[in-house]
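Beneath this line is the structure, given in structure tokens, with notes to follow.
Every read-out reported here was derived from the displayed coordinates using simple, explicitly stated rules and does not represent laboratory data. Small disclaimer: the values here were computed from a predicted structure and weren't measured. Quick reminder, even Gly has a Cβ in these numbers, built from the backbone with ideal geometry, and neighbours come from all protein chains shown.
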Amino acid sequence: MTKPNIPFDIAQIRGFLSTTEGEALYRVGLQASKYGPLAEIGSYCGKSTVFLGLAAKTQGSILFAIDHHNGSEEHQPGEEYHDSSLFDSQTGMMDSFREFRKTVKKADLEQTVVPIVAPSEVASYKWRTPLSMLFIDGGHSQKAAMIDYLGWSPHIIENGILAIHDIYDTPAEGGQAPREIASLAVASGQFKAEQRIGCLGFFRRLSAYHY
Ligand code: MG
């Protein structure tokens with residue numbers, strides 16, 4: 001099975017993506033990168049960026065990595081996934097961009113990864129570049145997930161891939177917003193479910209969306 005050649009122990013990078021899921025992103029990204037650039041929404045410290053970035057690099061493509069780097073709801077002080085080492089006491093905000101840059105440098109992806117440090121919604125307003133693959137792993141509130149889906153999925157090319165992280169079948173396992181946008185994608189008739197690795201789902205666009 002094709003695996004990325006990561007020049008360090010990926011477990012050192014903070015994040016919520018399993019290695020199995022990361023390797024699946026790499027495999028799918030490797031195929032998709034032949035047809036255009038990739039984009040991810042929600043980079044955090046760059047774990048998924050390494051897998052998708054290495055896939056893009058192999059094919060001479062690029063990865064747009066969109067994140068405001070101020071942390072999602074669940075990363076804020078007092079919340080379940082808060083990491084105090086990422087808290088900037090001068091600004092009073094979370095800041096994952098420093099760690100993200102370190103990861104990108106370590107993986108030698110500075111010529112492949114294009115960071116966009118902005119809220120996903122703002123970055124999407126004037127976006128016109130077709131994407132061969134979109135990975136959504138941003139905010140997990142219903143509103144944030146809908147903004148990511150509605151703002152970015154129209155840019156996926158025909159036969160391109162929509163990947164969504166944190167799809168849980170029951171509320172007991174986790175928040176339902178990612179599952180809801182996955183259902184919307186299928187219900188729209190524009191995407192068909194292809195495979196599921198852990199809580200990572202892959203969907204293929206059936207026909208191009210004209211915008
Ligand atoms: Mg996630």
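Rounded, prolate or oblate, given the Cα gyration tensor of the stretch 146-190, with a/c below 1.5 counting as rounded?
The shape class here is prolate.
Using Cβ contacts closer than 10 Å as the measure, can you line up Asp95, Asp148 from fewest to most?
Fewest to most other Cβ atoms nearby, the residues stand as Asp95, Asp148.
Let me check against my output: what whole-number percent is the relative contact order of the stretch 1-90, with C-alpha pairs under 8 Å and at least 6 apart?
After rounding, I find 26 percent.
Which lysines does Lys57 reach when only Cα atoms under 26 Å apart count, and residues fewer than 8 places away in its own chain are ignored?
Lys3, Lys34, Lys47, Lys102, Lys105, Lys106, Lys126
Specify whether the C-alpha gyration tensor of the stretch 19-83 places it in the rounded, prolate or oblate class, a ≥ b ≥ c being the square roots of the eigenvalues: rounded for a/c under 1.5, otherwise prolate if a/b is larger than b/c and oblate if not.
Taking the square roots of the gyration eigenvalues as a ≥ b ≥ c, the stretch 19-83 is prolate.
How many nm is it between the label spots at Gln111 and Met146, if each spot is 7 Å from the Cα in line with the beta carbon?
4.4 nm
Rounded to the nearest 0.05, what FRET efficiency do Lys3 and Glu173 give with R0 = 30 Å and r taken as the Cβ-Cβ distance? Could you check?
The pair Lys3/Glu173 has a calculated efficiency of 0.65.
Compute the distance from the alpha-carbon center of the stretch 49-106 to that of the stretch 155-211, in whole Å.
Centre-to-centre (Cα) distance: 23 Å.
Pick from Ala65, Ala107, Ala55: which is most flexible by mean-square fluctuation in a GNM of the chain where alpha carbon atoms under 10 Å apart are linked?
Fluctuation is largest for Ala107.
Relative to the Cα centre, what is the charge dipole magnitude of the chain, using +1 at the beta carbon of each Lys and Arg, -1 at the beta carbon of each Asp and Glu, and rounding to the nearest 20 debye?
Roughly 900 debye, rounded to the nearest 20.
Among Asn5, Phe51, Phe87, whose Cα lies farthest out toward the positive end of the dipole of the stretch 1-108, if unit charges sit on the beta carbon of Lys, Arg (+1) and Asp, Glu (-1)?
Asn5
With an 8 Å cut-off on Cα pairs and a minimum separation of 6 or more residues, tell me the relative contact order of the chain in percent.
Over the chain, the number comes to 19 percent.
Just check the stretch 59-211 against the gyration tensor rule for me: Cα atoms, a ≥ b ≥ c as the square roots of the eigenvalues, rounded for a/c under 1.5, and otherwise prolate or oblate depending on whether a/b exceeds b/c.
Note, shape of the stretch 59-211 comes out oblate.
Which whole-Hz couplings ³J(HN,Hα) result when phi for each residue of the stretch 162-172 is put into the Karplus expression 6.51 cos²θ - 1.76 cosθ + 1.60, θ = phi - 60°, listed in order with x for Gly and Pro?
10, 10, 10, 9, 6, 8, 10, 6, 10, x, 5
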